[in-house]
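The values are calculated or read from the model by the stated rules, or taken from the named source; none is laboratory data. The model shown is predicted, which means the values in this text are computed figures rather than measured ones. Positions of Cβ are backbone-derived with ideal geometry, glycine not excepted, and every protein chain shown enters the neighbour counts.
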Amino acid sequence: MATRKLYDDELKELSAALIRMGTAAIDAVTRSMQALKTFDKQLAKEIIEDDANINAMERDIETMCLKLILKQQPVATDLRKISTAIKMITDIERIGDAASDIAEISMYHDSISFPDLQDEVLKMAESAKEMVAAAIDAYVKGDLELAKETMKKDDVVDAYFIKIRHELGSSIYKETHDIETVIDYLMIVKYLERIGDHAVNICEWVQFYMTGIHINERII
């Protein structure tokens with residue numbers, strides 16, 4: 001019993017580490033949008049530099065997972081939980097990368113290029129961040145329904161992407177903005193759209209953890 005309690009405590013620490021990594025990635029997205037909104041070059045530089053911390057968290061959690069697997073032969077549910085964590089950290093790390101990429105783009109702008117779209121871009125970012133937070137919460141709580149509901153919210157992020165992309169395309173047609181600026185903003189919203197996709201990936205692995213079945217294939 002004592003051994004099992006210790007193992008359970010280590011699994012709880014794994015969840016806590018995932019929360020810390022997820023929080024860091026979400027915070028990076030928040031700060032990247034702030035840098036874009038305020039033209040804060042120093043903030044953008046800090047976000048890019050801080051991405052190394054998220055990468056380090058990924059390596060630490062991966063090591064933690066491998067030790068948990070090697071320490072004792074985990075039962076099927078424990079093994080799925082640990083395997084899911086290994087998959088999740090890849091998506092969380094890429095969310096951090098996306099934030100860093102947005103920050104890098106923001107360094108090339110000194111004015112609001114698309115004032116009519118700014119609120120839409122910020123709302124899209126908020127929706128994507130909410131998905132990531134909910135996906136990680138679904139893992140920690142083992143909440144299958146939350147995972148399913150979170151995946152549905154990807155439609156909201158996709159709708160923002162389609163709308164903003166259309167408006168950006170129209171600006172090229174009307175010749176109201178230079179192509180390079182439009183491409184930069186297209187890249188930003190594409191990164192936000194990918195963040196939503198990463199949240200969906202996490203939710204799909206939560207489903208695997210809870211049911212033993214991945215959405216794309218049957219795994220026991």
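For Ile162, the conditions (1) over 16 Å from the mean Cα position of the chain (by Cα); (2) in contact (Cβ under 8 Å) with a residue 12 or more places away in the chain all hold with the exception of (2).
Of all residues in segment 110-145, those that are closer than 24 Å to Gly22 by Cα, outside any helix (DSSP H, G or I) and of a type outside the set (Gly, Ala, Ser) total 1.
Scanning segment 178-199 for residues that are surrounded by fewer than 21 Cβ atoms within 10 Å (Cβ to Cβ) and more than 11 Å from Phe161 (Cβ to Cβ) turns up Asp178, Ile179, Glu180, Thr181, Val182, Ile183, Asp184, Met187. For segment 165-175, the condition holds for no residue, the condition being that it is within 18 Å of Ser32 (Cα to Cα), crowded, with 18+ Cβ neighbours inside 10 Å, aliphatic (A, V, I, L, M) and out of contact with any Cys (no Cβ under 9 Å at 6 or more places or on another chain). Is it true that Lys37 is part of a helix (DSSP H, G or I), surrounded by fewer than 17 Cβ atoms within 10 Å (Cβ to Cβ) and within 21 Å of the chain's Cα centre (by Cα)? Yes, satisfied. Of all the listed residues (Arg59, Arg31), the sole one being surrounded by 18 or more Cβ atoms within 10 Å (Cβ to Cβ) and of a type in the set (D, E, K, R) is Arg31. When Thr176 is tested against (1) at pLDDT 95 or above; (2) of a type in the set (Ser, Thr, Tyr); (3) not in a helix (DSSP H, G or I), exactly one condition is not met: (1).
Name the residue that is modelled with the lowest pLDDT, counting only residues in segment 62-81 that are closer than 20 Å to Thr211 by Cα, in a helix (DSSP H, G or I) and aliphatic (A, V, I, L, M). So the residue we want is Ala76.
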